[in-house]
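K.L.:
Here's a structure for you.
The values are calculated or read from the model by the stated rules, or taken from the named source; none is laboratory data. All figures in this text were calculated on a predicted structure; none of them were measured in a lab. Every residue, glycine as well, gets a Cβ built from its backbone with ideal geometry; the counts of neighbours run over all protein chains shown. To get the accessible areas, we keep the full protein, side chains included, count just its heavy atoms, and leave off ligands, DNA and RNA. Shrake-Rupley method; radii C 1.70, N 1.55, O 1.52, S 1.80 Å.
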Amino acid sequence: KLEVKGSVIDEDTGELLPGREIIIEGVKETGDELIPVYAGQLTTDTSGTFNYRLKRIEDARYYNFHVVGDTNYAAYTRKLNIFQLRTNSKRILFPIRRLAGLTIKIEKMTDTPGQDTLYLSWESDRINFRNLYPYEIENQGITDIPVMVIPGMGLRWIGGDINSTVRTRVYADRITRLRWELARNKRRSNFTDTITCRRDLAHTVHFTY
């Protein structure tokens, strides 16, 4: 076994974070296939640090350390090879990113009839929403066609009266860009909004059409 020591910190403030769970995998190479093997898990103590005896996985070339995410912090993975573990085993650092709540409200204000198609996507610190944080959607439009994720376009609503709310979380204190595309009467209109969601605050963006 190999003794590993380190800490989990807030990437921006450097604050030590207690109670953060870390799952460890040894990664073995078999032919062209990489096979992760469970090697253990730990939790940072009340001071935000850890001291753990790591189980060595036979023939593992490197280890993945997965810091489990939650509503406050994004998940984080760091890959360390055997050499890095041996030379830095007593001072391993895992910086993780703070998240902030974001609500996106979509509301139709015009009386224009017909079937609209609305696309929505967003990214935070250049990370696409699919890889950020799970989102929840209220109201899927007036048709029976559900909200879908369309490759290259984002979420899609179809209906003449699209009033919906999307709730998610994005990186705190980083630039978040939202993009809408509205298709109506064979014409497409594009809209973009750029915001910065501050930590410990709730944020709401309105899109009316």
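K.L.:
Within the stretch 34-51, work out how many residues are open to solvent by less than 50 Å² (accessible area, probe 1.4 Å) and in a strand (DSSP E or B).
P.N.:
Counting residues in the stretch 34-51 that are open to solvent by less than 50 Å² (accessible area, probe 1.4 Å) and in a strand (DSSP E or B) gives 6.
K.L.:
Which residues, counting only those in the stretch 175-197, are open to solvent by 50 Å² or more (accessible area, probe 1.4 Å) and not in a strand (DSSP E or B)?
P.N.:
Of everything in the stretch 175-197, those that are open to solvent by 50 Å² or more (accessible area, probe 1.4 Å) and not in a strand (DSSP E or B) turn out to be ASN185, LYS186.
K.L.:
Separate question: If a residue has to be in a strand (DSSP E or B) and surrounded by fewer than 17 Cβ atoms within 10 Å (Cβ to Cβ) to count, how many in the stretch 79-98 make the cut?
P.N.:
Residues that pass the stated criteria total 4.
K.L.:
Continuing with the same structure: Based on what the data block shows, is ILE57 among the β-branched types (Val, Ile, Thr), within 21 Å of ILE24 (Cα to Cα) and more than 27 Å from the chain's Cα centre (by Cα)?
P.N.:
Considered against the rule, which asks whether it is among the β-branched types (Val, Ile, Thr), within 21 Å of ILE24 (Cα to Cα) and more than 27 Å from the chain's Cα centre (by Cα), ILE57 comes out as yes.
K.L.:
For the stretch 1-13, enumerate the residues that are touching a Pro at 6+ places or on another chain (Cβ under 9 Å) and open to solvent by 40 Å² or more (accessible area, probe 1.4 Å). First the steps, then the outcome.
P.N.:
Here is the first cut: in the stretch 1-13, the residues touching a Pro at 6+ places or on another chain (Cβ under 9 Å) are 8-12.
GLU11, ASP12 - these are the residues of the stretch 1-13 that are touching a Pro at 6+ places or on another chain (Cβ under 9 Å) and open to solvent by 40 Å² or more (accessible area, probe 1.4 Å).
K.L.:
Residues being under 29 Å from LEU102 (Cβ atoms) and hydroxyl-bearing (Ser, Thr, Tyr): count how many of those fall in the stretch 38-73.
P.N.:
4
K.L.:
Given the criteria assigned to a strand (DSSP E or B), more than 30 Å from PHE207 (Cα to Cα), open to solvent by 20 Å² or more (accessible area, probe 1.4 Å) and in contact with a Phe, Trp or Tyr (Cβ under 7 Å, 6 or more places away or on another chain), does GLU29 qualify?
P.N.:
Considered against the rule, which asks whether it is assigned to a strand (DSSP E or B), more than 30 Å from PHE207 (Cα to Cα), open to solvent by 20 Å² or more (accessible area, probe 1.4 Å) and in contact with a Phe, Trp or Tyr (Cβ under 7 Å, 6 or more places away or on another chain), GLU29 comes out as no.
K.L.:
Related question: Take the conditions closer than 26 Å to ARG179 by Cα, open to solvent by 10 Å² or more (accessible area, probe 1.4 Å), of a type outside the set (D, E, K, R) and in a strand (DSSP E or B) and apply them to THR103. Does it pass?
P.N.:
Values: closer than 26 Å to ARG179 by Cα: yes; open to solvent by 10 Å² or more (accessible area, probe 1.4 Å): yes; of a type outside the set (D, E, K, R): yes; in a strand (DSSP E or B): yes.
So THR103 passes the test.
K.L.:
Something else now. Among the residues of the stretch 54-70, write down those that are part of a strand (DSSP E or B), farther than 23 Å from TYR133 by Cβ and out of contact with any Leu (no Cβ under 7 Å at 6 or more places or on another chain).
P.N.:
If the condition is that a residue be part of a strand (DSSP E or B), farther than 23 Å from TYR133 by Cβ and out of contact with any Leu (no Cβ under 7 Å at 6 or more places or on another chain), then ALA60, ARG61 are the ones that fit.
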